[in-house]
Amino acid sequence: MSERPFMQLYVSDFVGDTLQLSTEQIGAYMLMLMAMWNAGGRLPDDDAKLARVARLSLKKWRAISADLLTFFEREAGEIGHKRLTKELHKAQVKSEARAAAGARGGVATALKTKAHARPNAGALPRHFPDSRNQSEKASAFSPENAQHFSAHGEQEAAGFSPENAQHFSPAGKTRTAPVFSGKKPGWQRPKTHTDAANAIIEEIRSHDRSRTAAGDEGAGRDVLMLPAIRPD
């Protein structure tokens, strides 16, 4: 493919300059101009080669070439065309200018992108929720927090001992806040959530039976709590 994608043709000038040419001569003339454009402005001054360019037999070429060659300049074994050479030079200047402008634009864009990326190279994108959540999750599961959660869970389990069960308020009655003194001697921590829930249910039932035996009118109401805490 040619580096010069189009050849500018001034139609009015072309028609005015070729009035004396036949249709066959005009076709040969156009083929010569296009071949010269692609060749960089010059063609060999050789009848056999010019006949092939014009797509004519050598005999036919020699019959019409006298009129055609008046449009060209013959020098040092080559032919050229003054108007075509001028337009070819203009096209080359424009092409080189566009290429240079594109190269400068590409360098400027690359420098701008590099300058923008450098200050942000080590920055943590705080506006991304995933990044923030990952940092928070990592700190939440640190060894220090694990020990804290373990100790806190044992304290909560100790709060449901039989000694503290009597401090809970039945039937909306106000009682004093229980004093958690720690784990009961012989107490074993439940192995599963189901074991813990069953232990709580048994404590409530035992407490309710004690109140019933004492004649408490509110006895039996604590049983209503059982479905809410039943593990299944």
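What follows is calculated from the coordinates using simple rules that are stated; it is not laboratory data. Note that the structure is predicted; figures quoted are calculated from it, not measured. We place every Cβ from the backbone using ideal geometry, glycine too, and count neighbours over all the protein chains shown.
Here's how it looks for Ile79: its modeled amide H is under 5 Å from those of Leu43, Asp45, which are all 5 or more places away or on a different chain.
How high is the FRET efficiency from Thr109 to Ala48, r the C-beta distance, R0 45 Å, rounded to 0.05?
After rounding, the FRET efficiency stands at 0.30.
Put a dot 7 Å past the Cα of Glu78, heading toward its Cβ, do the same for Glu24, and the two dots end up 3.0 nm apart. I need the shape label for the range 1-57. Rule: rounded when a/c is under 1.5, else prolate if a/b > b/c, else oblate, with a, b, c from the alpha carbon gyration tensor. Judged from the Cα gyration tensor, the range 1-57 comes out oblate (a/c at least 1.5, b/c at or above a/b). Relative contact order of the range 1-92: 30 percent, from C-alpha pairs under 8 Å at least 6 residues apart in sequence.
With θ taken as phi - 60° and the Karplus curve 6.51 cos²θ - 1.76 cosθ + 1.60 applied, the whole-hertz 3J(HN,Hα) list for the range 41-57 is x, 9, 10, x, 7, 9, 4, 5, 6, 5, 5, 5, 4, 7, 6, 10, 5 Hz, x standing for glycine and proline.
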